[in-house]
Amino acid sequence: HPDTDDWLGRYELFDLIEESFEGYQVLLMADCCYSGALAREVADRETEYYYAALTSATSDVESTGNWTFTDCVLTALRGDGSLDTDGDGAVSFQELADYVVKTMKHDEKQPADYQTTEGFDGSFRLATVKDLARGKHKRR
């Protein structure tokens with residue numbers, strides 16, 4: 001909450017990343033009320049970093065008390081093949097973002113949000129798809 005002393009504002013978060021992070025690609029995910037503010041900052045920020053933000057809610061909406069967003073992220077990171085819509089054997093950021101938006105709208109009646117800066121490739125691989133029936137990677 002912005003009225004407490006330990007609250008970290010979104011601008012300060014981005015400034016800290018850009019002062020301390022030695023990489024160039026940054027992936028932010030947030031599962032909380034008004035988390036879409038991160039996505040809005042990514043959309044508006046002029047930076048040399050390549051950002052992507054995926055959030056459980058838009059900047060003007062309280063988030064559900066359920067763990068639907070986090071479950072979506074875990075499903076992707078576990079390599080669930082149902083998210084691999086292009087059949088390339090991997091779950092990408094874009095595939096996860098599409099899945100989150102669809103699932104949050106359907107299951108929670110809540111808008112989720114995501115945004116990337118120019119330079120962040122939506123095909124960024126988050127996980128290799130696993131063939132759960134055999135415990136092996138799918139071959140394509």
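The values are calculated or read from the model by the stated rules, or taken from the named source; none is laboratory data. Since the structure is predicted, the reported quantities are computational estimates derived from the model, not experimental observations. No Cβ is skipped: glycine too gets one built from the backbone with ideal geometry, and neighbour counts run over all protein chains shown. For the accessible areas, the whole protein counts, side chains as well, though only heavy atoms, and no ligand, DNA or RNA atoms are used. Shrake-Rupley method; radii C 1.70, N 1.55, O 1.52, S 1.80 Å.
Quick check: convex hull of the Cα atoms in region 42-137, volume per residue, rounded to a whole Å³? Numbers along the way, then the final one.
Working: hull volume 9.4 nm³, N = 96.
In region 42-137, the Cα hull volume divided by residue count equals 98 Å³.
So with the 1.4 Å probe, I'd like the accessible area per residue for region 24-104, rounded to whole Å².
On a per-residue basis, 46 Å².
What does the charge count around residue 107 come to, taking other residues whose C-beta lies under 14 Å from its C-beta (Lys +1, Arg +1, Asp -1, Glu -1)? Present the calculation step by step, with values, prior to reporting the outcome.
Working: positive: 102, 105, 109; negative: 31, 71, 108.
Once all neighbours under 14 Å are counted, the net charge is 0.
Could you tell me which of rounded, prolate or oblate describes region 9-54, using a ≥ b ≥ c as the square roots of the eigenvalues of the alpha-carbon gyration tensor, with rounded for a/c under 1.5 and, failing that, prolate when a/b is larger than b/c and oblate otherwise?
Values: a/c = 1.68, a/b = 1.63, b/c = 1.03.
Taking the square roots of the gyration eigenvalues as a ≥ b ≥ c, region 9-54 is prolate.
Rank 57, 38, 70 by how far each Cα sits towards the positive end of the charge dipole of the chain (+1 on Lys, Arg Cβ; -1 on Asp, Glu Cβ) and give me just the farthest.
The one lying farthest along the dipole's positive direction is 70.
Exactly which trypsin sites (Lys or Arg not before Pro) in region 49-127 are in a DSSP loop and have at most 11 other Cβ atoms within 10 Å?
Answer in residue order: 109.
List the residues whose amide H sits under 5 Å from the amide H of residue 120, counting only those 5 or more places along or on another chain, with H placed 1.01 Å from N in the peptide plane.
Under 5 Å from the amide H of residue 120 lie the amide H atoms of 51, each far enough along the sequence or on another chain.
Sequence neighbours fewer than 8 away in the same chain don't count; with that in mind, list the aspartates and glutamates whose C-alpha is under 13 Å from residue 105.
113
Using a cut-off of 13 Å between beta-carbons, work out the net charge of the residues near residue 29 (Lys and Arg +1, Asp and Glu -1, residue 29 not included).
Taking every other residue near residue 29 into account, the sum is -3.
Near residue 70, within a Cβ-to-Cβ distance under 13 Å, what is the net charge of the other residues, with Lys and Arg +1 and Asp and Glu -1?
Its environment carries a net charge of -3.
Rounded to whole Hz and in sequence order, give me ³J(HN,Hα) for region 111-122 from the Karplus expression 6.51 cos²θ - 1.76 cosθ + 1.60, θ = phi - 60°, writing x for Gly and Pro.
With the stated coefficients, region 111-122 comes to x, 9, 9, 8, 7, 10, 8, 4, x, 7, 7, x Hz.
Any idea what angle helix 10-20 forms with the longest principal axis of the chain, computed on alpha-carbon atoms, 0 to 90 degrees, nearest 10?
So the helix axis and the longest Cα principal axis differ by about 70 degrees.
Would you kindly state the longest site-free stretch of the chain, with sites defined as GluC sites (Glu not before Pro) in a DSSP loop (not H, G, I, E, B) surrounded by at most 15 other Cβ atoms within 10 Å?
On the way: sites that count: 22, 46, 48, 62, 118.
Within the chain, the longest run free of exposed GluC sites (Glu not before Pro) spans 63-117.
Using a 1.4 angstrom probe on heavy atoms only, work out the carbon and sulfur share of the accessible area of region 26-118 in %.
Heavy-atom surface of region 26-118 belonging to carbon and sulfur, 1.4 Å probe: 47 percent.
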